[in-house]
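In what follows, a structure is listed as structure tokens, so that the remarks can point back to it.
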Amino acid sequence: SAQKPDGAVNTMTISWGGLGYLWNQPVAFLFVRPQRYTYEFVESADGFSLCFFPEKYRKELQYCGTISGRDEDKIAHCGFTVAHQDGVPYFEEAELVIVCRKLYWQDLEPGHFTDPAVLEQCYPEKDYHRMYIGEIVEVLQKA
């Protein structure tokens, strides 16, 4: 989840990302294509959250993964409740939330791929992801 300065909140169901330790701190990283609505939100925000939901929300998350927030208010459609932690939005329905402060971004470069099959399979339209790295500043977990 990320929030624009005008207060709009966005959610995107992503599977490209991970967690690790970089620059002497715990970090999360994610990848967003520039044509995704989420891109505008992550670009304009100082932070983002990664929300992990219980299995009972699978249907709602599948919906979020197929519908753009440009087309409708999918947060309202799914009945999710937006909360904030230090100005970063997250969903109250999540069982685990990782709150991040954006540290770094970089666009993936086609010349840096060592396996041409990845380019052919994942980027036939040359719409390379932007990578974001965020410092993990807080982890919220439901009891």
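Observations, loosely collected:
- Applying the condition of being part of a loop (DSSP other than H, G, I, E, B) and touching a Lys or Arg at 6+ places or on another chain (Cβ under 8 Å) to the range 1-33 and asking which residue is modelled with the lowest pLDDT yields T11.
- Test for D73: is it of a type in the set (D, E) and in contact (Cβ under 8 Å) with a residue 12 or more places away in the chain: no
The values are calculated or read from the model by the stated rules, or taken from the named source; none is laboratory data. This one's a predicted model, so the numbers in the text were calculated from it and none came from an experiment. A quick note on method: Cβ atoms are made from the backbone with ideal geometry, for glycine too, and the neighbour counts reach across all protein chains shown.
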